[in-house]
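Notes follow once the structure below has been shown.
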Amino acid sequence: MKSKADIRMRGFLKRTPVKTLLALIREHSRLLSSEDILTLEASGRILAKDIISPVNVPNFDRSAMDGYALDAESTFGASTYNPLMFNVVGQVTPGETYDAVIQTGEALRIMTGGPLPTGANAVLMAEHAELTGDQIQVLEAVPPGKHVSQIGEDIQKDQTLLKQGRCLRPQDIAVLASVGLKKIKVVRKPEVELLITGNELLKPGEQAGGVKIIDSNSVMLAPLIERDGGVLKDIQHLPDDRDLLRKHLSQSSADLICMTGGTSVGIEDHGPTLVDELGELLVHGIPMRPAAPTGFGLITGSSDGNMKKVFLLPGNPVSCLSAYDYFVGRSLRLMGGRSEDWPYRTKMVKLATKISSQIGRIEYVRLRIENERAFFIAAGGASILSSTTQADGFLLTEEESEGFAEGEEVQVWLYDA
């Protein structure tokens with residue numbers, strides 16, 4: 001008896017609405033566990049917990065200027081008409097200390113970042129003093145605390161520095177290093193395995209010939225997986241051998257498997273029935289062009305004991321790209337603690353031509369933008385990969401829409417970062 005998932009050579013009798021598939025992806029793409037990594041390697045990672053500063057920065061009073069450290073009160077009354085004389089008793093630079101106590105009428109030459117000595121509570125700028133031998137004339141009074149970076153002025157002990165869920169920027173990890181944090185907890189990156197299937201496929205770098213074609217999907221998906229915060233564990237190029245595919249699906253320890261090819265209704269399309277046998281095939285077939293044969297399911301055995309997510313992506317490269325972008329990238333971003341939204345810039349432009357769409361189906365429309373107008377390139381053409389290189393971006397129609405009129409302003413997602 002045939003499995004419910006076995007629709008080979010029979011066609012899709014029913015397609016799952018895209019909104020339903022998105023809801024299932026959100027339900028099953030839960031945040032992954034945390035891991036400890038070196039702070040200096042944390043740029044671009046997602047914080048797994050709030051960061052509380054263990055120290056004050058600075059943890060000593062220090063000079064904010066090159067000048068002279070002294071007792072502020074003893075400068076009161078000083079002016080260019082009434083200069084006050086102070087004895088220069090020494091010098092301190094960053095990383096050094098001055099152990100004696102500064103007395104009234106004394107000044108210590110100090111460089112920016114140098115620790116303020118005991119007895120001093122202000123820094124007189126060098127421009128406001130005239131040096132004569134071992135003395136200076138103070139030409140301007142300074143208030144207490146002037147040009148002094150106080151303890152905790154930058155960061156206070158027990159202050160919340162960064163919140164959980166933040167994508168760390170270079171300046172963020174600099175702050176973390178400044179409080180002495182060698183390691184921090186970040187969300188683990190989801191691990192991905194690509195199963196590129198098809199008897200007709202050659203590996204990238206091989207020469208096409210006869211009825212063989214070169215796989216381009218793995219080359220395209222690898223940087224997209226990295227962009228979305230995933231770690232590509234392995235790429236397997238496999239023939240349409242049911243037993244071999246079953247072995248790789250069941251033995252993989254990845255959090256997410258992308259299987260390209262073998263996902264439609266052909267006699268060699270084993271992906272849907274295998275997922276159904278090894279776990280649960282939640283979706284197979286959606287009302288989207290291209291990408292209609294997309295599937296999604298769950299099987300046991302990821303590295304953390306959770307169910308592995310399996311995405312069945314069409315082998316045709318444009319279908320593969322649109323299905324990855326719409327569904328797989330979203331799942332990876334959710335598991336890794338990132339926003340599920342597309343990492344593309346958007347632009348509002350007017351259409352130079354009418355775009356038609358069938359009600360009940362989403363169209364992935366490639367567009368060229370010229371002089372602030374969008375020109376139609378293609379909606380179908382699942383195997384015409386060059387249509388994406390000719391395009392500046394894409395738009396998506398709604399399932400309830402018949403398309404857009406010429407001159408209508410639409411939102412376009414731009415391929416370029």
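Identify, please: which residue in segment 149-171 is acidic (Asp, Glu) and surrounded by 14 or more Cβ atoms within 10 Å (Cβ to Cβ) and is, among those, nearest to Arg45 (Cα to Cα)?
Asp154
Which residue out of Asp228, Asp172, Asp255 is closer than 30 Å to Asn59 by Cβ, charged (D, E, K, R) and modelled with pLDDT of 95 or more?
Only one candidate qualifies: Asp172.
Tell me, please, whether a residue that is in contact with a helix residue (DSSP H, G or I) (Cβ under 9 Å, 6 or more places away or on another chain) and either β-branched (Val, Ile, Thr) or over 22 Å from Ala222 (Cβ atoms) (or both) can be found in segment 326-336.
yes
Find the residue count for segment 130-139, including only residues that are closer than 13 Å to Gly67 by Cβ and loosely packed, with under 15 Cβ neighbours inside 10 Å.
Of the residues in segment 130-139, 2 are closer than 13 Å to Gly67 by Cβ and loosely packed, with under 15 Cβ neighbours inside 10 Å.
Select from segment 360-417 the residues that are among the aliphatic types (A, V, I, L, M), crowded, with 16+ Cβ neighbours inside 10 Å and over 16 Å from Tyr344 (Cβ atoms) and list them in ascending order.
Ile362, Ile377, Ala378, Ala379, Ala382, Ile384, Leu385
Would you check which residues across segment 254-265 are farther than 18 Å from Val318 by Cβ, touching a Ser or Thr at 6+ places or on another chain (Cβ under 9 Å) and assigned to a loop (DSSP other than H, G, I, E, B) and list them?
Ala254, Asp255
Of the residues that make up segment 372-388, is at least one in a helix (DSSP H, G or I), outside the structural domain of Leu24 (by TED's automatic domain parsing) and either in contact (Cβ under 8 Å) with a residue 60 or more places away in the chain or acidic (Asp, Glu) (or both)?
Checked segment 372-388: at least one residue is in a helix (DSSP H, G or I), outside the structural domain of Leu24 (by TED's automatic domain parsing) and either in contact (Cβ under 8 Å) with a residue 60 or more places away in the chain or acidic (Asp, Glu) (or both).
Quick one: in segment 8-31, of everything that is among the polar types (S, T, N, Q) and part of a loop (DSSP other than H, G, I, E, B), which residue is modelled with the lowest pLDDT?
Out of the qualifying residues, it is Thr16.
Could you list, in sequence order, the residues of segment 282-291 that are out of contact with any Phe, Trp or Tyr (no Cβ under 6 Å at 6 or more places or on another chain), under 10 Å from Thr16 (Cα atoms) and surrounded by fewer than 24 Cβ atoms within 10 Å (Cβ to Cβ)?
Pro287
In contact with a helix residue (DSSP H, G or I) (Cβ under 9 Å, 6 or more places away or on another chain) and surrounded by fewer than 19 Cβ atoms within 10 Å (Cβ to Cβ): which single residue out of Pro223, Pro143 fits that description?
Every option except Pro143 fails the conditions.
Return the residue satisfying two criteria in turn: it lies in segment 353-382 and is closer than 24 Å to Leu22 by Cα and among the aliphatic types (A, V, I, L, M), and of such residues it is farthest from the chain's Cα centre (by Cα).
Per the criteria, the residue is Ile359.
Go through (1) crowded, with 18+ Cβ neighbours inside 10 Å; (2) more than 39 Å from the chain's Cα centre (by Cα) for Ala48 and report which single condition fails.
Of (1) crowded, with 18+ Cβ neighbours inside 10 Å; (2) more than 39 Å from the chain's Cα centre (by Cα), only one is false for Ala48: (2).
Of the conditions (1) without any contact (Cβ under 8 Å) to a residue 40 or more places away in the chain; (2) crowded, with 16+ Cβ neighbours inside 10 Å, Leu244 fails just one. Which one is it?
All conditions pass for Leu244, except number (2).
Taking Arg62, is it loosely packed, with under 15 Cβ neighbours inside 10 Å and touching a residue at least 60 places away in the same chain (Cβ under 8 Å)?
Against the criterion (loosely packed, with under 15 Cβ neighbours inside 10 Å and touching a residue at least 60 places away in the same chain (Cβ under 8 Å)), Arg62 does not qualify.
Quick check on my filter: what residues within segment 108-139 are in contact with a Pro (Cβ under 9 Å, 6 or more places away or on another chain) and acidic (Asp, Glu)?
Glu130
Out of segment 274-322, which residues are more than 22 Å from Asp243 (Cα to Cα) and among the basic types (Lys, Arg)?
Arg289
For segment 65-81, does any single residue satisfy the condition of being modelled with pLDDT of 95 or more, of a type outside the set (A, V, I, L, M, F, W, C), within 46 Å of the chain's Cα centre (by Cα) and more than 30 Å from Ala291 (Cβ to Cβ)?
Checked against the condition, which is being modelled with pLDDT of 95 or more, of a type outside the set (A, V, I, L, M, F, W, C), within 46 Å of the chain's Cα centre (by Cα) and more than 30 Å from Ala291 (Cβ to Cβ), segment 65-81 yields at least one hit.
The values are calculated or read from the model by the stated rules, or taken from the named source; none is laboratory data. These numbers were taken from a predicted model, which means no experiment stands behind them. Reconstructed Cβ throughout: ideal geometry from the backbone, glycine too, with neighbour counts over all protein chains shown.
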